[in-house]
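Each remark here refers to the structure printed beneath this line.
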Amino acid sequence: MDTKKYYSAKGKYLKEHKNYFSDQQLSKDTDFLINALNLKKKDKILDLACGHARHTIELRKRGFDIDGLDFSDYLLKKAEDIARRERLQINFFKQDVHSIDIKIKYDKIFLFFSEFGLFNGGKVLNNVSKILKTNGLFLLDCDNLFRLIQYLIKHPESPYKFNFNNMMLKDKQKNGQGVRYYTDPELENLFKNNGFKVISIYGDYAKNTLDINSKRMIVIGKKA
Ligand SMILES: C[S@@+](CC[C@H](N)C(=O)[O-])C[C@H]1O[C@@H](n2cnc3c(N)ncnc32)[C@H](O)[C@@H]1O
């Protein structure tokens, strides 16, 4: 997948997720973020890879002090248009998660509904650590590897194959980049190696325990 194109005006991202982006889902996500990160009105918060800023805008409406960061001109323009229309003051940074350059230190950062496996995970966590206050929290929400494996077993006709040697999901036909999937102990190690202590792991936005059927893999780390 050409990620930049996918999130551009020519890409299919917004169209493909149209049904998922409901007010009901947004409300659930936002309640979860407030609860899981114990968000306070005095916290400085960053929505990392915010997209068209569903959560940034909803949290700002609820009175939180939040910025957004993304590399997509197209999605950031949408976010800025909505914020202007709603008369909300929000700072949006157009940056790549691999080369974050922000002087602000945040209390809480989240990377929600993410494709963490497309990133250089260590580099991104290291960058997050640099802009997070000591004892600040970082929430990572990504796909659950175990659920993916079950899906591939049930759907051998799927165009994707998973390679257990390097934990990459790839298109059977193409020689593309592939997506790295992580087990939870692997993510815990990655967090630890980049200065975080993992304090919670969940399998969904209702804070249920992670298991092989969980819809999501959600890890919260505290900056040591
Ligand atoms: C699946 S969307 C999720 C957006 C948002 N968090 C949400 O829940 O609506 C992934 C987002 O990551 C952004 N993204 C992907 N790679 C990025 C990178 N290297 N640097 C910054 N943003 C990136 C995309 O532009 C897109 O907005």
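Quick note: the coordinates plus some simple rules give every number you see, no bench work behind them. Every value quoted in this text rests on a predicted model; they were computed, and no experiment measured them. All Cβ positions, even for glycine, are placed from backbone atoms using ideal geometry, and neighbour counts span all protein chains on display.
Sparsely packed loop sites in region 160-215 (the chymotrypsin sites (Phe, Trp or Tyr not before Pro) outside DSSP H, G, I, E and B with at most 15 other Cβ atoms within 10 Å) comprise PHE164. For the Cα atoms of the chain, what angle does the longest principal axis make with the long axis of helix 121-130, in degrees from 0 to 90, nearest 10? The answer is roughly 20 degrees. The gain in end-to-end length when the ARG84 to ASN193 segment is fully stretched comes to 35.2 nm, 0.36 nm per residue minus the alpha carbon separation. Charge tally around GLU80: other residues with Cβ under 13 Å, Lys/Arg +1 each, Asp/Glu -1 each, net +2.
The angle separating the long axis of helix 73-85 from the principal Cα axis of greatest extent in the chain is about 40 degrees. The angle between the Cα long axis of helix 184-193 and the main principal axis of the chain comes to about 50°, on a 0 to 90 degree scale.
For GluC sites (Glu not before Pro), the sites in region 74-121 that DSSP calls loop and that have at most 12 other Cβ atoms within 10 Å are GLU86.
Only beta bridges with both residues in region 3-223 are counted; by DSSP, about 55 percent of them are antiparallel. For region 142-224, GluC sites (Glu not before Pro) are listed when DSSP marks them as loop and at most 11 other Cβ atoms sit within 10 Å of their Cβ; the list is GLU157. Fully extending the segment from TYR160 to ASP2, taken as 0.36 nm per residue of separation minus the present Cα-Cα distance, adds 55.3 nm.
Of all lysines in the structure, the ones whose alpha carbon falls short of 19 Å from that of LYS133, not counting any fewer than 8 places away in one chain, are LYS40, LYS41, LYS42, LYS44, LYS103, LYS105, LYS108, LYS123, LYS192, LYS197, LYS222, LYS223.
Once you have a ≥ b ≥ c as the square roots of the Cα gyration tensor eigenvalues for region 45-110, tell me rounded if a/c is under 1.5, and otherwise prolate or oblate according to whether a/b is larger than b/c.
Note, shape of region 45-110 comes out oblate.
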